[in-house]
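The structure under discussion appears below in the form of structure tokens.
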Amino acid sequence: MKTLISSIIILLTSYSVSHAVTLNDARLWAAPDRTRIVFDVSSKIKYKVFAIERKNGKPFRIVIDMDQTFVSSKLVGKAFNTGLVQRIRSGRLPPRGLRIVLDLKGSANPRSFVLGPSGPYGHRLVIDLYKKGKLQNKRPRVVRSIYSNPKKKRSRRDIVVAIDAGHGGEDPGAIGKRGTKEKTIVLEMARRLARLVKKQPGMRAVLIRNGDYYINLKQRTRMARRYRADIFISLHANAAHRRSANGVSIYTLSKRGASNEAARWLAQRENKSDQVGGTDIERTGDRTLRKVLIDLSQTSTLSASSDIAQTLLSELRKITRVHGRGHEKARFVVLKAPDIPSVLVETGFISNPSEEYKLRSRKFQRKVARSIMSGIVRYFVQNAPHNTLFSRRRHITIKGETLRDIAKQYRVSIIKLKRINGIRNHRLRTGVVLTIPSAYGT
């Protein structure tokens with residue numbers, strides 16, 4: 001009888017241990033609208049989250065109780081001091097649980113969800129901390145880019161260029177042989193492009209992502225629409241199983257499907273970013289988020305996107321090779337804004353060792369940014385919205401005015417001004433209509 005009881009106890013103990021969850025690691029990401037803590041766990045987890053208000057000099061705390069969970073040794077003593085989080089503590093929760101305490105710098109509203117295995121990650125528990133009064137179901141405050149020109153009281157507006165650096169935070173994107181992460185490369189390119197846009201009179205840049213954090217795909221287009229962007233450019237670095245694949249390519253939204261199998265595969269990979277980066281599917285209220293995006297009926301927007309893609313491609317082919325046909329179409333979620341011409345630029349193959357080296361190069365990054373900028377200017381010189389400053393790139397000379405005065409006013413060179421208007425000397429007649437060149441190209 002004792003042997004039987006001992007056997008049962010051993011079996012129950014083995015069953016309990018085999019179903020225990022191990023907390024392997026934790027990561028923290030600070031975004032403008034929230035601070036995210038991600039816990040890597042060995043399997044599905046039962047948990048509860050609650051807040052403890054500041055009291056007796058103790059900081060505001062978030063408590064996460066995990067049932068049947070053990071912490072690995074490498075997490076013990078791990079400290080954070082980023083965003084809203086000041087530090088992390090852990091302790092046993094009888095009988096077989098684990099309690100994690102987050103000491104915060106201020107009060108916060110927690111939101112939590114679990115993610116199944118996706119990409120390089122296994123099971124994850126995600127805690128998003130929002131400052132009081134800034135919940136996820138409210139429209140998030142979009143921090144104005146430091147590259148945005150200040151608003152001025154004038155009848156005509158700047159052209160708004162929304163620049164989206166793909167991936168970020170939990171989602172590294174493609175990773176090269178040397179460990180180069182796509183999210184890092186494209187963020188640097190986005191910042192370079194934003195600086196060029198800032199220098200262009202009549203244009204303003206908005207960076208969708210300006211740090212190492214993840215923004216879900218639908219939110220990226222919402223942010224562009226909130227800023228009333230005239231163009232949306234999403235920057236990425238490509239990857240392929242064949243390491244010899246190389247060159248730049250530009251994608252626009254397809255109404256009917258992918259233009260080829262490679263475009264279809266790439267769209268599926270990019271659309272999975274929300275699962276890798278961490279999006280709470282259940283709380284979005286959007287049952288179609290897991291599906292490929294719906295076809296768009298706005299023919300004019302799709303047509304404009306194609307025109308922009310061809311213009312950008314003609315500039316980029318001057319500095320690098322073009323992959324395949326160059327312009328492909330696929331169903332990318334991030335290109336779904338129905339009223340903003342949108343393109344996705346694959347700046348090179350990070351899976352190709354030689355192109356990975358180029359993508360890491362500041363010189364090549366500058367070349368890519370300049371080429372894209374030249375294409376943007378070329379497009380809007382011909383297609384500027386009627387209420388923008390770009391639509392008034394004409395100047396009528398007045399008495400006593402000089403080429404130097406006009407060049408200084410529009411921040412262009414005298415040489416360009418003379419060349420585009422066929423002027424051979426510095427003499428100007430009153431009432432002459434001059435074409436004003438852009439700061440990039442002609």
Across (1) closer than 23 Å to S234 by Cβ; (2) surrounded by 19 or more Cβ atoms within 10 Å (Cβ to Cβ), L417 clears everything bar (1)
Among the residues of the stretch 225-235, is any of a type outside the set (K, R), under 22 Å from E346 (Cβ atoms) and surrounded by fewer than 21 Cβ atoms within 10 Å (Cβ to Cβ)? no
Quick count over the stretch 221-255, residues being closer than 25 Å to G176 by Cα and either assigned to a helix (DSSP H, G or I) or among the charged types (D, E, K, R) (or both), is 2
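Can you tell me which residues in the stretch 37-55 are more than 9 Å from M66 (Cβ to Cβ), charged (D, E, K, R) and assigned to a strand (DSSP E or B)? It would help to see each step written out before you state the result.
Taking the stretch 37-55 and keeping what is more than 9 Å from M66 (Cβ to Cβ), we get 37-38, 40, 42-44, 49-55.
Still in the list and also charged (D, E, K, R): 40, 44, 53-55.
Result: D40, K55.
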Across (1) without any contact (Cβ under 8 Å) to a residue 40 or more places away in the chain; (2) touching a Ser or Thr at 6+ places or on another chain (Cβ under 7 Å), L417 clears everything bar (2)
(1) under 33 Å from the mean Cα position of the chain (by Cα); (2) within 16 Å of V126 (Cα to Cα); (3) modelled with pLDDT of 90 or more all hold for D67 apart from (1)
Note on the stretch 123-147: residues farther than 26 Å from P59 by Cα and at pLDDT 90 or above are H123, R124
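Within the stretch 387-409, can one find any residue that is surrounded by 15 or more Cβ atoms within 10 Å (Cβ to Cβ), part of a helix (DSSP H, G or I) and touching a Pro at 6+ places or on another chain (Cβ under 8 Å)? Explain how you work it out, then say what you get.
If we filter the stretch 387-409 for residues that are surrounded by 15 or more Cβ atoms within 10 Å (Cβ to Cβ), which is where we start, we get 388-391, 393, 395, 397, 401, 403, 406-407.
Of the ones still in play, those that are also part of a helix (DSSP H, G or I) are 389-391, 403, 406-407.
Add one more test, that the residue is touching a Pro at 6+ places or on another chain (Cβ under 8 Å), and what stays is 389, 391.
Scanning the stretch 387-409 turns up at least one residue that is surrounded by 15 or more Cβ atoms within 10 Å (Cβ to Cβ), part of a helix (DSSP H, G or I) and touching a Pro at 6+ places or on another chain (Cβ under 8 Å).
If I filter the stretch 277-299 for residues that are outside the structural domain of T35 (by TED's automatic domain parsing), at pLDDT 85 or above and surrounded by 17 or more Cβ atoms within 10 Å (Cβ to Cβ), do I get at least one hit? Before the answer, list the steps.
As a first pass, look at the stretch 277-299 and keep what is outside the structural domain of T35 (by TED's automatic domain parsing): 277-299.
Next, from what is left, pick out any that are at pLDDT 85 or above: none.
No; the residues of the stretch 277-299 include none that is outside the structural domain of T35 (by TED's automatic domain parsing), at pLDDT 85 or above and surrounded by 17 or more Cβ atoms within 10 Å (Cβ to Cβ).
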Taking the stretch 385-400 and keeping residues touching a residue at least 40 places away in the same chain (Cβ under 8 Å) and not polar (S, T, N, Q) leaves P385, L389, F390, R392, R393, R394, H395
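The values are calculated or read from the model by the stated rules, or taken from the named source; none is laboratory data. Values in this document were obtained by computation on a predicted structure and should not be read as measured data. Heads up, the Cβs are rebuilt from the backbone with ideal geometry, glycines too, and the neighbour counts pull from every protein chain shown.
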